[in-house]
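Data block below; observations after.
The values are calculated or read from the model by the stated rules, or taken from the named source; none is laboratory data. The model shown is predicted, which means the values in this text are computed figures rather than measured ones. Please note: Cβ atoms are built from the backbone with ideal geometry, for glycine as well, and neighbour counts cover all protein chains shown. In case anyone asks, the SASA skips ligands and DNA or RNA and just uses the protein heavy atoms, side chains included. Shrake-Rupley method; radii C 1.70, N 1.55, O 1.52, S 1.80 Å.
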Amino acid sequence: MSPPPKLLMQNTVSVEKRLLKEAERLHENMRHLGYSMNECLLFAPQTLRINELKGQKNAVLLAHSYQRPEILFGVADFMGDSFGLSVNASETKAKTIVFCGVHFMAETAKILNPQKTVLIPALDAGCSLAESITAENVIELKKKHPNVPVVCYVNTSAQVKAQCDACCTSANALKVVEAMPGNEVIFLPDEYMARNLQEKTKKKIHYWNGTCIVHESFTADQILAYKASFPDMKILSHLECTPEVVALSDLAGGTTDMYNYIKASDAKRFMLVTECGMSDLLRARFPQKEFINPCSVCPYMKKIHLENILEALEKEQFEVNVPEPILSRAKVSLDRMLEIGK
Ligand code: SF4
């Protein structure tokens, strides 16, 4: 039996009110990025439903800084870089983690929380760095450089992590390399990060030839052209950029390093040599600063959107699992990182 017309009208009015309120919340957070109220009204039904489902299913949503603004500002419980999210994942009390990032990040969350259900909204959210190396490649490297400790960037599969002595992120890579015993380190899979680290450490670094398709696309000529147009601008680049780009930068580090640098700086204008999502995030956080944007989009990160997050929660898909003994062995290298990173 359908509800009486008066009740139906009251329900419709209250739904419209909720949608309007939600759109206003989104607009408040995203207007600095150029989002109109009409665009926020389009997102509102999905962000409302996702937030409702999170509560009903005791789920927490972790979003990497490179995710879309409507995810970061609409539905994320935590946002940040892979290291920060790893820590959030290990501390959350929620039963389910929905990881809005790429596959190796969801695996990392699972390794740190084997008793929790970890979902990733898009199974094909990969990473050019993580896919550049296999566990067999690491075994070969270890044979080539016997007794040399292996540090792997967090952008690796669980199988690769299981073959390493310690994991690291861009925020703590140097600290982890320096903490390894001996004068040599195998660092993988990012060649540019390894070469950038080589500039800062006396240890001999043996590296792999993986690259990030987003960060390798920036060139020194491009940076010099921007520098000529905006001489007062601070240039912040990611450690995954080429050493030539890093050499022209005021800071080279991870996404959290960039945030902290801008927060502490009196400068008014910054150029972020990284993924576009990070520029969006910082533009929203620091509306009084100006950001010059040569940003590049990560096609893997952008596989995630509100529609597949909603589907992930409704259908409880796609579950990420890491089998034993890979999980326990990979956890040793992650624990080592967390220990050193303290
Ligand atoms: S930005 Fe680069 S390192 Fe990060 S997920 Fe995309 S391809 Fe991988």
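Odds and ends about this structure:
- Counted residues, segment 277-323 - those being in contact with a Lys or Arg (Cβ under 6 Å, 6 or more places away or on another chain) and within 23 Å of residue 129 (Cβ to Cβ): 2
- Count of residues meeting criterion [modelled with pLDDT under 90 and either among the β-branched types (Val, Ile, Thr) or out of contact with any helix residue (DSSP H, G or I) (no Cβ under 8 Å at 6 or more places or on another chain) (or both)] in segment 71-110: 5
- Residue in segment 19-35 that is assigned by TED's automatic domain parsing to the domain that holds residue 97, not polar (S, T, N, Q) and not in a helix (DSSP H, G or I) present: yes
- Apart from one condition, residue 193 fits all of (1) assigned to a helix (DSSP H, G or I); (2) over 22 Å from residue 65 (Cα atoms); (3) touching a strand residue (DSSP E or B) at 6+ places or on another chain (Cβ under 7 Å); the exception is (2).
- Close contacts from segment 54-66, counting a first residue that is part of a helix (DSSP H, G or I) and a second that is away from the ligand (no atom under 16 Å from the Cβ) and of a type in the set (D, E, K, R), with Cβ to Cβ under 7 Å and a gap of 6+ residues or different chains, come to none at all.
- Some residue of segment 158-168 being touching a residue at least 24 places away in the same chain (Cβ under 8 Å), over 21 Å from residue 340 (Cα atoms), open to solvent by 60 Å² or more (accessible area, probe 1.4 Å) and assigned to a loop (DSSP other than H, G, I, E, B): no
- Note on segment 198-231: residues that are away from the ligand (no atom under 16 Å from the Cβ) and under 30 Å from residue 138 (Cβ atoms) amount to 9.
- Checking residue 119 against (1) under 26 Å from residue 79 (Cα atoms); (2) within 16 Å of the ligand (Cβ to nearest atom); (3) open to solvent by less than 20 Å² (accessible area, probe 1.4 Å); (4) not polar (S, T, N, Q), the condition it does not meet: (2)
- Residue that is farthest from the chain's Cα centre (by Cα), among those in segment 291-342 that are among the acidic types (Asp, Glu) and open to solvent by 80 Å² or more (accessible area, probe 1.4 Å): 324
- Answer residue from segment 76-102, given it is assigned to a strand (DSSP E or B) and among the aromatic types (Phe, Trp, Tyr) and is surrounded by the fewest Cβ atoms within 10 Å (Cβ to Cβ) among those: 78
- Number of the exception - residue 187 against (1) open to solvent by less than 10 Å² (accessible area, probe 1.4 Å); (2) within 16 Å of the ligand (Cβ to nearest atom); (3) part of a helix (DSSP H, G or I): (3)
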